[in-house]
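The values are calculated or read from the model by the stated rules, or taken from the named source; none is laboratory data. Note that the structure is predicted; figures quoted are calculated from it, not measured. Note that we place each Cβ from the backbone using ideal geometry, even for glycine, and neighbour counts take in every protein chain shown. Accessible surface areas use protein heavy atoms only, side chains included; no ligands, DNA or RNA. Shrake-Rupley method; radii C 1.70, N 1.55, O 1.52, S 1.80 Å.
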Amino acid sequence: MTDASIPLIVGGDIGPQGDAGSDRARPDADLLEGLNPPQREAVIYRGPALLIVAGAGSGKTSVLTRRIASLLRSREAWPSQILAITFTNKAAGEMRERVAQLVGDRAQGMWISTFHSACVRILRREAEAFGFTKSFTIYDSGDTRALLKRLVKEHEADAFGLTPGSVMSKISKLKNELADAESYARSANMSDPAERVFVEVFGEYQRALQRANAFDFDDLIGQTVFLFRAFPKIADTYRRRFRHILVDEYQDTNHAQYALINELTRPVGSDAQPFDGGGGMMIFEATPEPGSDTDAASLTVVGDSDQSIYAFRGADIRNITEFERDYPGAKVVLLEQNYRSTQNILTAANSVIGNNFDRKDKKLWTDVGAGEKIVGFTGYSQHDEAQFVADEIEALHRTDIDYSQMAVFYRTNSQSRALEEIFIRSAIPYKIMGGTKFYERAEIKDAMAYLVAIANPADEMAVRRILNKPRRGIGDVTETAIARYAADQQITFRDALANASALGVGPKIQAAIAQLDAVLAEAAEIMLPSSGELAPPTAVAEGLTLLLQKSGYMSALRQSKDPQDEARLENLDELVAVTREFARNNPDGTVIDFLTEVALVSDADDLEDASGSVSLMTLHTAKGLEYDAVFVTGVEEDLIPHRISAGEPGGPQEERRLFYVGITRARKRLYMSLAMTRAQFGEVTVAMPSRFLQEIPADLIDWRQSPGDVNSRGGIQSRALNARRPGGSGGGFGGAPARRFGDDLVPKSTALDRFPNRIPARVRDNGDMILGPGDRIRHEDFGEGRVDAVTGEGAKRVAHVRFDKVGAKKLLIKIAPIEKI
DNA sequence: TAAATATGCTTTTTT
DNA sequence: AGCATATTTA
């Protein structure tokens, strides 16, 4: 497979290059070291398009970094010609570091970043082409929500059942599809008043952003696409520049991101032509001379459709499943060998994911051996469950596993509370990834709003936010007066503050406004000197300190008797420290740069300082990470799969992928735990084992305490019962092999067999549903189908169904997620 | 205008 | 239960 391709690169590259550093006859000999054949292929293949289907733990990061290194080493590309897109800033940092390890300083100058950061860079350069300035700011979801809240109120949209939240998610969805208010209006049912109001709000929202010289998260991508399409010349400069584009986690790209990549990988000067024609023909030509600056950039995408877990925010799995159609002639490399987990863990993962029907079959395997069994535990309550996790962590720690090599996953952030409580009590060092974010705290947002007011005075939201923080006696009435005055005078809200005396408000308030205006002006002079002179690196830190002090923000907190305000002061100190750190890392960094960095950084990004502590995070955050020991908690119906997913098409399948992602993070030890009761919204509800547990072969799980051992009314059944816990000879699972039951087979022996009475009644119990030949049913995953025959009796009746979309299946009538239609 | 109290809503996941 | 917002009251 690789025989033909290896000479291709070696041949082109053996010439005397006088390469800096370690010269070798074959510059990439060491890059290929330790790689299996498909991995090598993925590193050395050259062509217009390459899809690397990388199963979990198959070494894709390694492959990707070596591929980049190989391009650089062989001088096929300058660093500046490489654009690598990752999902998080942290992943970008890691990739940059690993490439640097391979090629040294030459790694400088590459663009390795997230979609959002890359787009910001482009937009900053080109903003003036379409009505923005270089100093635009970025609205995070909180800002967006606040703006929409005002607009919804102004348009009385709530009367039509619109909430800021619903409008926000709808706008986001549309933007991810590259739609705007006008294009949506054309296709929407405008006789529906709710739709009309929505379009109005959407349009108004967009105009507000434009006026504020700001982009929201989705705009960063969408507007860049718009920019490229509207200004082919601009697009061409980037097409000429980026000759090699690599995209990681391609399964989680949405349509806008797809379109962006599509724009960048067109041939230079090709805007008049349809995309397919040009790209498809070229592959049969002899390899075009590298450096020819009219052909399309080469595109490498890496992904795994089994790990697509962001459909809810517009990720379109088809981007990867239809890659070969979009890029005809694309090379596909499949990485299935897993270097991370034991076989038991992989078998469990394979069995679970095998229940998703519309996937290409892919089986992870390893040669490291079976390893330990998965450990299962059912607690009476979430506290009980947390105690188990804590105890096990301690036990593992005593066997010399470092805390930093352990992680606890959960479906929803709220589940972290119970764990935290127990961890604190048990003195286990832990760190929560994500969760309540530093930059979302009110005092931090206030401080940031002060900075925005300086950096981007057009951003009215920011100025309004700080208007009365700290309390200056400026209320709604005054705020409206300022806005009216600004509109009358055709000046910005910010500039209106300079004319306090003209507002027709009381002298006290006038003084307060004038004072705020003076402080803002003074800080602006520090951070953005009107002389045009470059501000010193410390400008942001100094300016922020000045703002916080002279505005009275700090002293108001100091004088407060609310004990929480002390913590708020500490947080502000922390923020000032962040600006200093920023100055150290970016000597030329401006306020704008600082704001950008903060806007695009997520808390999951600073995983580094997790050393020495157990990591707690959601299953989503866990993607891309790995640990020696992994605890997947709350494996219950309505949690994983989450109840909200039940209604969404494809929801349960996405939840299964999420569970799969969690399982495949584990290297050596995997724990799964659940609770029989869980407090939610202040009331205690009975929880049922997740259906996904049934999908794991029973002999892979060692139940320390199975759901059958726990009395659902509370408490644990007699010790005697607990004592005959399977493990010795009796178990009854010896003979049942891990039989594949993904498609047509009814589960033969599953993890829940040992407590058959506990098969979640609430989860699924169709009772005595009567089905006969000819009936039509609807299945949660498979869609609609027609019953051909029914066999078996009682609880074991099996329906033979021919589904419209997925063909024939056999289903256990009692428990299948079906309904008669 | 600001503090105190009542209500109601949340909990899916995030760049 | 806990938090954020709405409403009432000083």
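Amide H contacts for A:N254 (H built 1.01 Å from N in the peptide plane; partners 5 or more residues away or on another chain; cut-off under 5 Å): A:D316. With all protein chains present, calculate the accessible area of A:V686 using a 1.4 Å probe and round the result to the nearest 10 Å². Per-residue accessible area (A:V686): approximately 70 Å².
Proximity of backbone amide H atoms, modeled 1.01 Å from N, is registered between A:I813 and A:R797, A:V798, A:A799 at under 5 Å, excluding neighbours fewer than 5 places apart on the same chain. Rounded, prolate or oblate: which fits segment A:496-651, taking a ≥ b ≥ c as square roots of the Cα gyration tensor eigenvalues, rounded meaning a/c under 1.5, else prolate when a/b beats b/c? Taking the square roots of the gyration eigenvalues as a ≥ b ≥ c, segment A:496-651 is prolate. Sequence-ordered 3J(HN,Hα) estimates for segment A:131-146 from the Karplus curve with 6.51, -1.76 and 1.60 and θ = phi - 60° stand at x, 10, 10, 4, 8, 4, 10, 10, 8, 7, 5, x, 5, 4, 4, 5 Hz, glycine and proline given as x.
In segment A:354-418, what percent of the accessible surface is made up of carbon and sulfur (1.4 Å probe, ligands and nucleic acids excluded)? After summing per-atom areas, the C and S share lands at 47 percent. Each Lys or Arg adds one and each Asp or Glu subtracts one; over the other residues with Cβ under 15 Å from the Cβ of A:R150, this totals -4.
Here's how it looks for A:L246: its modeled amide H is under 5 Å from those of A:L83, A:A84, A:I85, A:T300, which are all 5 or more places away or on a different chain. Each residue of segment A:320-333 is assigned a 3J(HN,Hα), and the resulting list reads 8, 5, 10, 4, 5, 6, 5, 10, x, x, 5, 8, 10, 10 Hz, derived from the Karplus form 6.51 cos²θ - 1.76 cosθ + 1.60 (θ = phi - 60°), x at Gly and Pro. Classify segment A:153-243 as rounded, prolate or oblate, taking a ≥ b ≥ c as the square roots of the eigenvalues of its Cα gyration tensor: rounded when a/c is under 1.5, otherwise prolate if a/b is larger than b/c and oblate if not. Prolate is the answer for segment A:153-243, as a/c is 1.5 or above and a/b outweighs b/c. Per-residue packing, averaged as other Cβ atoms within 10 Å, sorts the ranges A:613-619, A:158-164 into the order A:613-619, A:158-164, beginning with the highest.
Ranked by the mean number of other Cβ atoms within 10 Å of their residues, highest first, the peptides A:391-399, A:222-230, A:58-66 fall in the order A:58-66, A:222-230, A:391-399. Given axes a ≥ b ≥ c from the Cα gyration tensor, I'd like to know whether segment A:367-419 is rounded (a/c under 1.5), prolate (a/b larger than b/c) or oblate. In terms of gyration-tensor shape, prolate. Surface analysis of segment A:137-212 yields an accessible area of 51 Å² per residue, using protein heavy atoms and a 1.4 Å probe.
Working from label points 7 Å from Cα in the Cα-to-Cβ sense, the A:E581 to A:D628 distance is 2.7 nm. For each pair in A:K149/A:K445; A:K90/A:K445; A:K331/A:K809; A:K445/A:K550; A:K153/A:K445, compute the distance between the two Cα atoms and list the pairs where it is over 26 Å. In this structure, A:K331/A:K809 lie more than 26 Å apart at Cα. Length gained on full extension, A:L334 to A:R229, computed as 0.36 nm times the residue gap minus the Cα-Cα distance: 34.4 nm. If the segment from A:T685 to A:K360 were pulled out straight at 0.36 nm per residue, it would be longer than the present Cα-Cα gap by 113.2 nm. Computed over protein heavy atoms with a 1.4 Å probe, the carbon and sulfur contribution to the accessible area of segment A:137-212 reaches 52%. A protection proxy built from the mean count of other Cβ atoms within 10 Å ranks the segments A:68-77, A:208-217, most packed first, as A:68-77, A:208-217. Accessible surface of A:E443, taken over heavy atoms with a 1.4 Å probe and every protein chain present, rounds to 10 Å². Working note: Karplus 6.51/-1.76/1.60 with θ = phi - 60° gives segment A:34-51 the couplings x, 9, 7, x, x, 4, 4, 3, 5, 7, 9, 4, 10, x, x, 8, 9, 10 Hz, where Gly and Pro are set to x.
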